[in-house]
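This report concerns only the one structure given below.
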Amino acid sequence: MEMLQTINTMLTDRFGEFGPLLVVGILGLFLILLTLPVLLRKQEDPLDKLREATRRNTQNDETGTKQVLRSGGGKKDKLEKYSTFLEPTDAEEYSAVRLKLLQAGYRSKTAVRTYHFLQFALGMGFLIIGALYAILQSATGEPTTQGLVLSVLGPGIAGYMLPKYWVTKRQQERQEEITNGFPDSLDLMLVCVEAGQSLDQSIIRVSKEVRAGYPALADEFEIVAHEMKAGKDKTSVLRDMSERAGVTDVSSFVTVLIQSATFGTSIAEALRVYAEEMRDKRVMRAEEAANKLPTKMTLATMALTVPPLLIILIGPSIYEISETLGNTNFF
């Protein structure tokens, strides 16, 4: 007991009132880091291995030959042995993360594994940095308990959420790019179809023409073309495209093509009507953005215009009044 009291007194004198609590927290963090390799090396259930292999084979078949070529073929992945720890075991959760990464442009078969690894690595790295900063803060001053907790947990949470923020931002930018370039691609596709090309040939042609301005949309059309060449059902290919894009206009376009093929109507006529509708929607989006500008600029205009006007108009009068009051003798 005397030894513990001595250690407690020494820690309190050196690091402040919360010195013992801080040392206990650091020891707990190191114990967690020491036990992680043991948890990662746990034996996997053979039944889980079979389920995982079946799921991966199904997903590889669905993504097509283009995805296999882009993912690096048979290259060994260093994170494969940690797949049970880094990948969600729930199929629905795995599919949701996979779809979000696809919509953000990350089509590699190891994208989910890499995404969760970055979350774990950045979270632990920022947590250690926060702990070191809390130790330095305790040694140089007397911070509060709330400040220490925020100094340790804040960077860890920020590091964990950073990959999610990045993927969400990439997803929004990619969807905006597809939305802006889709009307032009429909016009090009309509020209190709009316010139006598088939739908497959027109998609290949459009993917080449729009790559300079809209590479994300060109990638989607290129994947569709390669999957059709591989012999996959056209309806499934188009539905997969709408899911990867995550854009309402693309989903409506896919529905129009499927209905046209089902009922035997002319694809050129369906493309003409839908392309005209997409052009009208693009004009409406531009008008909506233009109508929002005056409201957004009101606050900035008031903040930057009114104070200089007040200084110019009222400033001389205030100066003369102050001079007059200063020169006036009331007694």
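Quick notes on this one:
- Of all residues in the stretch 194-207, those satisfying the criterion of being in a helix (DSSP H, G or I) and under 21 Å from GLY231 (Cα atoms) are LEU199, ASP200, GLN201, SER202, ILE203, ILE204, ARG205, VAL206, SER207.
- Cβ-Cβ under 9 Å pairs, at least 6 apart or on other chains, the stretch 272-288 side more than 14 Å from ASP249 (Cβ to Cβ) and assigned to a helix (DSSP H, G or I), far side open to solvent by 90 Å² or more (accessible area, probe 1.4 Å) and modelled with pLDDT of 85 or more: ARG272/GLU194
- The residues on offer are GLU222, GLU243, and the sole one that is over 22 Å from the mean Cα position of the chain (by Cα) and either open to solvent by 10 Å² or more (accessible area, probe 1.4 Å) or aliphatic (A, V, I, L, M) (or both) is GLU222.
- The condition of being in a helix (DSSP H, G or I), more than 17 Å from CYS192 (Cβ to Cβ), open to solvent by 40 Å² or more (accessible area, probe 1.4 Å) and of a type in the set (Asp, Glu) does not hold for GLU269.
- Whichever residue in the stretch 90-106 is touching a residue at least 12 places away in the same chain (Cβ under 8 Å) and open to solvent by 40 Å² or more (accessible area, probe 1.4 Å) and, among such residues, is farthest from ILE178 (Cα to Cα): ALA91
- Cβ-Cβ contacts under 6 Å between residues 6 or more apart (or on different chains), taken from a first residue in the stretch 202-217 that is touching a residue at least 24 places away in the same chain (Cβ under 8 Å) and closer than 13 Å to PHE182 by Cβ to a second residue that is of a type outside the set (D, E, K, R) and in a loop (DSSP other than H, G, I, E, B), are listed as LEU217/VAL210.
- Qualifying residue in the stretch 281-294 (condition: modelled with pLDDT of 85 or more, closer than 19 Å to ALA104 by Cα and surrounded by 14 or more Cβ atoms within 10 Å (Cβ to Cβ)): no
- Filter pass, LEU150 being of a type outside the set (Phe, Trp, Tyr), at negative phi, open to solvent by 40 Å² or more (accessible area, probe 1.4 Å) and part of a helix (DSSP H, G or I): yes
- Only one entry of TYR115, TYR106 meets the criterion of being assigned to a loop (DSSP other than H, G, I, E, B), at pLDDT 85 or above, under 30 Å from ALA218 (Cα atoms) and within 25 Å of the chain's Cα centre (by Cα), and that entry is TYR106.
- Residue match in the stretch 160-176 (condition: open to solvent by less than 10 Å² (accessible area, probe 1.4 Å), over 15 Å from ALA104 (Cβ atoms) and touching a residue at least 24 places away in the same chain (Cβ under 8 Å)): no
- ALA230 open to solvent by less than 10 Å² (accessible area, probe 1.4 Å), out of contact with any Pro (no Cβ under 7 Å at 6 or more places or on another chain) and of a type in the set (A, V, I, L, M): no
- Applying the set (1) open to solvent by 70 Å² or more (accessible area, probe 1.4 Å); (2) modelled with pLDDT under 90 to ILE204 leaves exactly one unmet item: (1).
- Looking at TYR319, TYR274, just one residue is of a type outside the set (A, V, I, L, M, F, W, C) and over 30 Å from LEU199 (Cβ atoms), and that residue is TYR319.
The values are calculated or read from the model by the stated rules, or taken from the named source; none is laboratory data. These figures come from a predicted structure and were not determined experimentally. Glycine gets a Cβ as well: all are built from the backbone with ideal geometry, and neighbour counts include every protein chain shown. Remember, those area values only see protein heavy atoms, side chains included, never the ligands or the DNA or RNA. Shrake-Rupley method; radii C 1.70, N 1.55, O 1.52, S 1.80 Å.
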